[in-house]
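Asker: Pasting a structure below so you can have a look.
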Amino acid sequence: MSLPVIKVNVAYDDELNVIQTFLTTFVGREKDINRGIASMALDDEDIQPEGTTSRVKYMQQLQRIANREQQMLTIELEDIHQHEKTVAELVTRIQSNTRRYVALFYEAVDKLMPSPTKDISDHDEVMDILLHQRRERNEQTEGLQEGFPAHLLRRYTIYFEPLKSDVALAVREVRSSHLGKLITVRGIVTRVSEVKPLLLVNAYTCDVCGSETFQQISGKTFSPITDCQNESECKKDGIRGTLHMQTRASRFTPFQEVRIQEMADQVPVGHIPRSMTVHVHGGLTRLTNPGDVVHLGGIFLPIPYSGYQAIRAGLLTDTYLETHHIHQLKKQYSDMDMTPQIQHQIADMQRDPALYNKLAQSIAPEIYGHLDVKKALLLLLVGGVTKTMGDGMKIRGDINVCLMGDPGVAKSQLLKYISKVAPRGIYTTGRGSSGVGLTAAVMRDPVTDEMVLEGGALVLADNGICCIDEFDKMEESDRTAIHEVMEQQTISISKAGISTTLNARTSVLAAANPLYGRYNPKVSPVENINLPAALLSRFDLLFLILDKPTREDDERLAQHVTHVHMYNTHPQLEFDLVEPTLMRHYIAQARLRRPTVSPEVSKYVVDSYVRLRKLSKDAAEQKKLHTYTSARTLLGVLRLSQALARLRFANVVQHDDVDEALRLMECSKESLYEDDDRELEVDRSVVSQIYRLIKQMVAEGGQKRRKRQRRFGRGPSGDPDAEDSDEDEGNEEMSMIDVRSRVLGAGYNEAQLNETIIEYENVDVWTRVANGSRLRFIDV
C-alpha cells in the first residue's frame with residue numbers, strides 16, 4: 001500500500017523572493033528589537049528617499065547583526081500584514097507552517113546579509129579563528145573552499161512575533177489541529193530549568209588526515225559519525241580514519257525548559273489546572289521567572305519519547321511549545337514602561353495634600369469602610385527600606401500584616417485584590433497549603449533526570465506579596481515553615497543531598513478567623529487569637545476586625561452593598577479614585593526612594609518606643625496585657641514610617657510619619673481591648689478626630705517648650721528655681737498655617753477643618769486672633 005502524497009500549492013521559490021522584498025523595502029518605526037540585548041531608535045524626522053537603508057527597518061537590523069551589535073532578529077507579523085495589505089496571504093501561511101518559514105527567512109537573511117561597516121575583530125570568537133584557519137587550509141590544499149553548515153556561520157536567531165489581534169489560548173484549549181502552527185498561550189510560570197547549551201552543529205576531526213567533518217543536529221537525539229568521510233584522502237587511500245568530537249569547533253545555543261500552568265480563571269468547575277512544557281532558545285532565555293504571568297507565542301510541536309519511555313509510550317508522543325515571543329502581563333516595578341502621560345499624572349498626584357487618603361480609599365473601593373486597614377495595605381505595597389550591613393547582615397524592609405476577624409468582614413476579598421494589584425502576588429489558603437508547598441519541594445528534572453528544587457508559594461512571591469487566607473486552619477508543623485521567611489526572608493533547605501538557601505523576599509499578608517469562628521468576648525483576646533507569640537511578633541500590624549451591630553454603620557454598609565449590586569460599581573465619592581495601573585506606577589516610583597531617619601526623629605522614635613514598653617509593663621502588672629511590645633515593634637514603626645515617607649517621595653522621615661505609624665499600631669490594637677475596659681466610647685466623627693489631632697499638636701508643643709526651658713535652667717515663670725507647671729498651658733497659641741498643614745496632610749479637607757474650628761469656637765475651647773492667622777486655646 002503506497003503512502004498518500006499531498007501536494008501543497010505553494011511555490012517556495014516565489015515565497016523566498018517575497019520575503020527578500022519585504023526585508024529590503026519595509027519602512028516602519030523600530031521598537032526595542034533586541035529585548036534587552038541592544039536597543040535602537042530611528043529618527044522619524046529625518047527626511048530621506050524611501051527605500052534607503054537608513055530608514056528600512058529590517059536592513060538596519062541586519063547591518064547591526066553584521067557588526068556584531070545584535071543577536072536577535074524579531075519578525076513582527078504586524079509588519080508583514082502592513083506591507084502585504086492583507087492577512088490571508090503570507091501571514092496566514094506563516095502561522096500555519098511556521099517551521100518551514102523560519103528556514104525560508106534564514107535563507108533570505110543569509111543572502112541579504114551586508115558586509116560589516118566597522119572593524120569586528122575585537123568581537124571574534126574561537127569559532128571565527130577556526131573558520132579562518134580552515135579556509136586558508138582548504139585554499140592551500142585544494143584551491144577550493146568547502147561549504148560550512150549554515151548554523152555554524154550564523155550569529156543571529158530569527159523569531160516571529162504574533163499578531164496583536166491573536167487571542168491567547170488556555171492550555172486546555174490547545175488541540176492537535178494547532179500542531180505546527182504559531183499560537184499564543186497564556187499561563188503562569190511554575191518551573192524554570194537552568195540554562196544549558198543545546199548542540200546545533202557537531203564537529204569532528206579525523207585522526208589520520210586531519211580533515212574536519214560537520215554534522216547538523218535537528219532533533220533531540222543523534223547518532224555520532226565514526227568514520228572519516230573525506231573523499232580526497234581517507235577514502236581515496238582506503239584508510240578508515242576515526243573521527244573525534246571537537247567541542248570548541250561545535251556550535252551551541254542557550255536552551256531552557258519552562259513549565260507553565262493554567263490560570264485559575266481558565267480552569268472549569270471541577271477540573272484541575274493543566275500544564276504545558278515550553279522550550280526557550282537563544283536570547284529569550286532567562287526572561288521568565290517562576291510566578292510570572294505571561295503570554296507565550298510559539299510553535300506547537302510534537303516530540304517523540306526516547307529511551308525506556310519510548311517503549312512504554314508506544315505510539316504516543318509528547319508535545320511542547322517552541323517559544324518565539326514572550327510578553328509579561330504583570331511586570332516588576334523596575335520593568336514598568338513609563339510614558340509621558342503617566343509621568344504627568346504622577347506629578348499631579350504628588351502635589352495633592354490628600355494623596356494618602358485617596359490612595360487608601362482606591363484600594364478595593366467596592367468594600368465598605370476599613371479605611372485604616374486599607375492604609376496599612378497601601379503601606380504594605382510600598383514597603384520600607386531593606387538595609388544590608390557591612391558584615392552581610394540584612395534588615396528586612398518588607399511589611400507583614402495579619403487581618404483577624406469575624407466572618408463576613410471582607411478579609412478574603414482584600415487579600416484577592418492585593419494579590420492582583422501587586423506585580424507579583426501569590427494567593428493561597430492555609431488548609432490547601434503544606435510546608436513543602438509554601439517553601440520548596442525536591443523534584444526530579446525531566447530533562448536531566450537530576451534532583452532539583454521547585455519553589456513553593458513563598459519563593460514564587462519573591463519581591464512580591466504572598467497572601468495566605470485561612471491562616472488559622474494551617475497545621476502547626478506547616479505554619480512553622482514560614483517563621484524564617486517572615487524575618488530572615490530566606491528558606492534554608494537540606495533535602496535529598498541538596499543544601500542551599502533560597503531567597504523569599506516577600507511580604508506576608510495573612511487572614512485568619514478567631515479560635516471559635518467568631519470573636520468570643522467572654523474569653524481573653526489571647527485565647528481568641530490562638531496563634532503563637534513567636535509568629536505574632538513577626539507581623540508589623542495585627543488588625544482584629546470585629547462585626548459589632550450598630551444601627552448607623554449597619555445602615556451605611558447595607559446601602560453600600562445594595563448600590564454595588566444595583567449599579568455594578570462603588571458609590572460616588574468626593575474625589576476620583578486612582579486606577580490600579582496608575583497606582584502601580586506611582587508605587588514603583590515611590591519604591592525608588594530610600595528615606596533616612598534624622599537625629600531629631602530618631603530621638604522621637606526612641607521616646608515613643610520607651611513609652612510603649614512602659615505601657616506594656618503596666619498592662620502586664622494589671623493582667624491586661626494582650627500584645628507584647630518588643631524590638632520588632634520598634635522595627636515595625638520604622639518600616640511604616642519609611643513607607644509613609646516614600647509615599648510623599650521624600651528622602652527624610654518626618655515626625656508626622658512616625659505619628660501616623662504609631663496611630664496605625666494603636667488602631668490595630670484598639671479592638672483587642674474589651675468593652676468593659678473602656679470608660680466611654682471614643683467619638684469617631686470627623687470633627688472629633690480633627691480636634692484630637694490639634695490637641696495632640698498642642699501637647700507636642702508644650703513638651704518641646706518644657707525641654708527648651710530645662711535646657712536653659714528656667715521654669716515657666718522665668719525663675720531658675722521654679723518647678724514645671726501646667727498653668728500656662730491653657731493660653732497656648734498655634735499658627736493656623738501649621739494647623740492647616742497638619743490636618744490636610746492627615747487626609748482631611750478645608751471644609752472639615754473650618755467646621756471643626758467654628759464648632760469648638762462656639763463652646764469657648766479656642767478663639768481666633770491676629771486676624772484669624774493664629775489659634776489661641778482657652779482650655780485644652
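A quick yes/no check of all residues on (1) modelled with pLDDT of 90 or more; (2) open to solvent by less than 10 Å² (accessible area, probe 1.4 Å):
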| residue | (1), (2) |
| --- | --- |
| M276 | yes, no |
| H279 | yes, no |
| L296 | yes, yes |
| F300 | yes, no |
| I303 | no, no |
| A310 | no, no |
| G314 | no, no |
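Asker: Now for a separate question. Of everything in segment 77-88 that's surrounded by fewer than 14 Cβ atoms within 10 Å (Cβ to Cβ) and of a type outside the set (V, I, T), which residue is modelled with the lowest pLDDT?
Answerer: A88
Asker: Identify all residues within segment 460-477 that are under 15 Å from T501 (Cα atoms) and touching a Ser or Thr at 6+ places or on another chain (Cβ under 7 Å); write none if there are none.
Answerer: Just the residues of segment 460-477 that are under 15 Å from T501 (Cα atoms), to begin with: 460, 462.
Within segment 460-477, just D462 meets the criteria.
Asker: Which condition does A441 not pass, out of (1) free of Cβ contacts under 8 Å to residues at least 60 places away in the same chain; (2) farther than 30 Å from T596 by Cα; (3) open to solvent by less than 20 Å² (accessible area, probe 1.4 Å), if it passes all the others?
Answerer: Against the list (1) free of Cβ contacts under 8 Å to residues at least 60 places away in the same chain; (2) farther than 30 Å from T596 by Cα; (3) open to solvent by less than 20 Å² (accessible area, probe 1.4 Å), A441 comes up short only on (3).
Asker: Quick check: anything in segment 129-149 at pLDDT 85 or above and aromatic (F, W, Y)?
Answerer: no
Asker: Tell me whether segment 452-473 contains one or more residues that are exposed (fewer than 14 other Cβ atoms within 10 Å of the Cβ) and in the same structural domain as S412 (by the TED database). Quick ask: steps written out before the conclusion?
Answerer: Of segment 452-473, the ones exposed (fewer than 14 other Cβ atoms within 10 Å of the Cβ) are none.
For segment 452-473, residues exposed (fewer than 14 other Cβ atoms within 10 Å of the Cβ) and in the same structural domain as S412 (by the TED database): absent.
Asker: Looking at segment 582-623, which of the residues that are at pLDDT 85 or above and among the hydroxyl-bearing types (S, T, Y) is surrounded by the most Cβ atoms within 10 Å (Cβ to Cβ)?
Answerer: Out of the qualifying residues, it is Y586.
Asker: If you don't mind, there's one more thing I want to ask. Which residue out of N530, N568 is out of contact with any Gly (no Cβ under 6 Å at 6 or more places or on another chain), at positive phi and outside the structural domain of G464 (by the TED database)? Steps first, answer last, please.
Answerer: Details: N530 fails: outside the structural domain of G464 (by the TED database).
When all the criteria are applied, what remains is N568.
Asker: Output yes when any residue across segment 418-436 is open to solvent by less than 30 Å² (accessible area, probe 1.4 Å), in a loop (DSSP other than H, G, I, E, B) and among the hydroxyl-bearing types (S, T, Y), and no when none is.
Answerer: yes
Asker: Of everything in segment 396-414, what is assigned to a strand (DSSP E or B) and either at pLDDT below 85 or within 13 Å of R518 (Cβ to Cβ) (or both)? Give them in sequence order.
Answerer: Listed by number, the residues that qualify are M404, G405.
Asker: Might you check whether a residue that is farther than 21 Å from F539 by Cα, assigned to a helix (DSSP H, G or I) and not β-branched (V, I, T) occurs anywhere in segment 617-636?
Answerer: Scanning segment 617-636 turns up at least one residue that is farther than 21 Å from F539 by Cα, assigned to a helix (DSSP H, G or I) and not β-branched (V, I, T).
Asker: Additional query: So which residues in segment 102-113 are surrounded by 13 or more Cβ atoms within 10 Å (Cβ to Cβ), in contact (Cβ under 8 Å) with a residue 60 or more places away in the chain and over 13 Å from E76 (Cα atoms)?
Answerer: L104, E107, A108, V109, L112
Asker: If we keep just the residues of segment 547-574 that are of a type in the set (A, V, I, L, M, F, W, C) and open to solvent by 40 Å² or more (accessible area, probe 1.4 Å), which is farthest from T506 (Cα to Cα)?
Answerer: In the first step, residues of segment 547-574 are kept if they are of a type in the set (A, V, I, L, M, F, W, C); the result is 557-558, 561, 564, 566, 573.
Cutting the leftovers down to open to solvent by 40 Å² or more (accessible area, probe 1.4 Å) gives us 557-558, 561, 566, 573.
Numbers: L557: 33, A558: 36, V561: 33, M566: 38, L573: 33 Å.
In this case the residue turns out to be M566.
Asker: Please go through segment 491-532 and give me each residue that is farther than 30 Å from P407 by Cβ, open to solvent by 30 Å² or more (accessible area, probe 1.4 Å) and either free of Cβ contacts under 8 Å to residues at least 60 places away in the same chain or touching a helix residue (DSSP H, G or I) at 6+ places or on another chain (Cβ under 7 Å) (or both), ordered by number.
Answerer: S492, S494, K495, A496, G497, I498, S499, T500, T501, L502, N503
Asker: Within segment 322-353, track down each residue that is among the aliphatic types (A, V, I, L, M) and open to solvent by 50 Å² or more (accessible area, probe 1.4 Å).
Answerer: Going through segment 322-353, the residues among the aliphatic types (A, V, I, L, M) turn out to be 326, 329, 336, 338, 342, 346-347, 349.
Of everything in segment 322-353, those that are among the aliphatic types (A, V, I, L, M) and open to solvent by 50 Å² or more (accessible area, probe 1.4 Å) turn out to be L329, M338.
Asker: Of the residues that sit in segment 218-263 and are open to solvent by 70 Å² or more (accessible area, probe 1.4 Å) and assigned to a strand (DSSP E or B), which one is nearest to I188 (Cα to Cα)?
Answerer: Among those residues, the one meeting the criterion is R259.
Asker: Can you tell me how many residues in segment 663-686 are in a helix (DSSP H, G or I), open to solvent by 20 Å² or more (accessible area, probe 1.4 Å) and either within 28 Å of I346 (Cα to Cα) or modelled with pLDDT of 60 or more (or both)?
Answerer: Total meeting the criteria: 6.
Asker: Only one of T319, T288 is out of contact with any Cys (no Cβ under 6 Å at 6 or more places or on another chain), open to solvent by less than 30 Å² (accessible area, probe 1.4 Å), touching a residue at least 24 places away in the same chain (Cβ under 8 Å) and on the phi < 0 side of the Ramachandran plot; which? Full working, then the answer.
Answerer: Details: T319 fails: open to solvent by less than 30 Å² (accessible area, probe 1.4 Å).
Just a single option satisfies the conditions, and that option is T288.
Asker: Testing D553 on (1) over 18 Å from V382 (Cβ atoms); (2) assigned by the TED database to the domain that holds H344, one condition comes back false. Which one is that?
Answerer: Here D553 meets the rest and fails (2).
The values are calculated or read from the model by the stated rules, or taken from the named source; none is laboratory data. This one's a predicted model, so the numbers in the text were calculated from it and none came from an experiment. Every residue, glycine as well, gets a Cβ built from its backbone with ideal geometry; the counts of neighbours run over all protein chains shown. Ligands, DNA and RNA are excluded from the accessible area calculation, which covers all protein heavy atoms including side chains. Shrake-Rupley method; radii C 1.70, N 1.55, O 1.52, S 1.80 Å.
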